[in-house]
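The values are calculated or read from the model by the stated rules, or taken from the named source; none is laboratory data. Here the structure is a predicted model, which means the values were calculated and not measured. Heads up, the Cβs are rebuilt from the backbone with ideal geometry, glycines too, and the neighbour counts pull from every protein chain shown.
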């Protein structure tokens, strides 16, 4: 039953909604439109009269359709230090890095969170304490913990490689017997300073903060209907079969939710890249948001170009999110 | 699943913090010992006080506390107000506003960064805390509004009606009846926005340029930049910087979804 809107309610609602409405328009919708417009403009963000309408030139350069510099370019191309790589190749690389990170990190986080939720979904004593402890890394994740992790992955002195060297030593006699050559020649990964291993390392750091999604799963585990559970028990289903065929289908809405929000968050991650990327070593950790930040907030301030990269990032983000949600029709099981 | 596997998982998750703690109490030689040693050769508690003296640590901490508390207060207040309007009032264009709320929920924050920066620069807000705090006072994010809306819906309207008979205004109903009854929602929004503003690194990086105004996240970055040679002190500073978040979490966690999430009973079978 819906009640007709009353003028008293309307007047009062506007007063209560005012802060939120102002925020939504001034800080969300107007900036969104502005970002799109700015991407068609060459501008350093200082004097509005300096802005040049260049239509889709930024996008053409980004996509590599047109490699010429736009006419009367008042911003010199930024030289990439120590490396013979053009600016637009670097932009594509940054977008690619963010995409690779998000595509790997988001599903991994969901799987890890699901595992944690399943083992935490038991009526033990002190279970609340364990749940709080698992949630804690999610709350603590920030500059402080990234600094700690950068130490954990230190190639020479860090605990991860110390453990690896120890394992190599253990395996040495066995491998020596099988292949005739011991493990003394095996190398330990350079982790954050290596092009190949930097992404796995950051994905592990990101997985450590999966606690946030655990709570969505715990909440929906409570929604798993006891009837289906008892029915499957009567049918003699094993624990594993019960999880795959009874529990998991009922968790699919939560999986989709965590996947979509986790993917968006990973695509927009900035801190890992800012704190761990070392431009003298390799570009594996140059994420798109760091690239956008550098273009927009470091001289020569290229507001328009940065906006174009940002818009490209979000076209990618929205299309993948759209595909995920569309695919959900096939695999997400909604209560009927 | 049994207790042992849960404890094992918790221990593995705690490992990085344990490594950091062991490094933080040891002398600098231990950091670059090869092969690496697990336990510190000598416990030096003065590392913590040294770390706080190298850079204006207390100042960074206070700055962060001010920013995070102001922002969290604003987020709780303004999103509860909007949530109340959505849950309890019937106004013209409510459908349109609902659509706005859902649209704002999916707009990626990074897309708004540059225009917001231009706006705040033109307002002369650079190098103040206004760009960090004011957005929280303007609705505190679509997600928080949505959370309050959904939570208020679960509270019976009979309470409102009883209060109305006693002559209470909407404002009184919101602040005296619904908010006290919505402790889980208040605690969730307060914790999420406190933690968000405490951890936030990008916005302070863009808006704050004066060293004295740095928040903790930026301050820790200074430790990383200037402190490559004293890794043990960097770790000590990082650990101390986690304490306020830990305190906020411990205070608020017992309210967060307390009845449903933390202590539910699973039927035994």
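Is it the case that some residue within the stretch A:151-172 is under 15 Å from residue A:209 (Cβ atoms) and facing chain B (nearest Cβ under 9 Å)? Yes, the stretch A:151-172 contains at least one residue that is under 15 Å from residue A:209 (Cβ atoms) and facing chain B (nearest Cβ under 9 Å). Criterion applied to A:162, A:196 was being under 21 Å from residue B:12 (Cα atoms) and at pLDDT 85 or above, and the one residue passing it is A:162. Whenever a residue of the stretch A:213-237 is under 19 Å from residue A:114 (Cβ atoms) and more than 10 Å from chain B (Cβ to nearest Cβ), its partners that are surrounded by fewer than 12 Cβ atoms within 10 Å (Cβ to Cβ) and modelled with pLDDT under 80, lying with C-beta atoms within less than 9 angstrom and at least six residues away or across chains, give the pairs A:223/A:335; A:225/A:335. Considering only residues in the stretch B:138-148 that are in a helix (DSSP H, G or I) and surrounded by 20 or more Cβ atoms within 10 Å (Cβ to Cβ), the one that is nearest to the chain's Cα centre (by Cα) turns out to be B:144. In the stretch B:102-116, of all residues being at the interface with chain A (Cβ under 8 Å from one of its Cβ atoms), touching a helix residue (DSSP H, G or I) at 6+ places or on another chain (Cβ under 6 Å) and assigned to a helix (DSSP H, G or I), the one that is modelled with the lowest pLDDT corresponds to B:104. Taking the stretch B:154-269 as the region of interest, the helices (runs of 4 or more DSSP H) fully inside it that hold 1 or more residues being more than 7 Å from chain A (Cβ to nearest Cβ), modelled with pLDDT under 85 and buried (at least 20 other Cβ atoms within 10 Å of the Cβ) are B:216-226, B:231-253. One residue stands out in the stretch B:117-140 among those that are in contact (Cβ under 8 Å) with a residue 40 or more places away in the chain and more than 20 Å from residue B:66 (Cβ to Cβ): the one that is nearest to the other protein chains (Cβ to nearest Cβ), namely B:139. The lone criterion from (1) under 29 Å from residue A:103 (Cβ atoms); (2) crowded, with 17+ Cβ neighbours inside 10 Å; (3) over 23 Å from the mean Cα position of the chain (by Cα) left unmet by residue A:199 is number (3). Do you know which residues across the stretch A:116-135 are more than 8 Å from every other protein chain (Cβ to nearest Cβ) and either loosely packed, with under 15 Cβ neighbours inside 10 Å or not in a helix (DSSP H, G or I) (or both)? If the condition is that a residue be more than 8 Å from every other protein chain (Cβ to nearest Cβ) and either loosely packed, with under 15 Cβ neighbours inside 10 Å or not in a helix (DSSP H, G or I) (or both), then A:125, A:126, A:129 are the ones that fit.
In the set (1) in a helix (DSSP H, G or I); (2) surrounded by fewer than 21 Cβ atoms within 10 Å (Cβ to Cβ); (3) free of Cβ contacts under 8 Å to residues at least 40 places away in the same chain, the condition left unmet by residue A:299 is number (1).
For the stretch A:50-62, the criterion of being in contact with a helix residue (DSSP H, G or I) (Cβ under 6 Å, 6 or more places away or on another chain) and at the interface with chain B (Cβ under 9 Å from one of its Cβ atoms) is met by no residue. Considering each of B:48, B:57, B:86 in turn, give the residue that is surrounded by 14 or more Cβ atoms within 10 Å (Cβ to Cβ), facing chain A (nearest Cβ under 9 Å) and out of contact with any strand residue (DSSP E or B) (no Cβ under 7 Å at 6 or more places or on another chain). From the options B:48, B:57, B:86, the qualifying one is B:86. Flag not set for residue B:151, criterion: under 17 Å from the mean Cα position of the chain (by Cα) and part of a helix (DSSP H, G or I).
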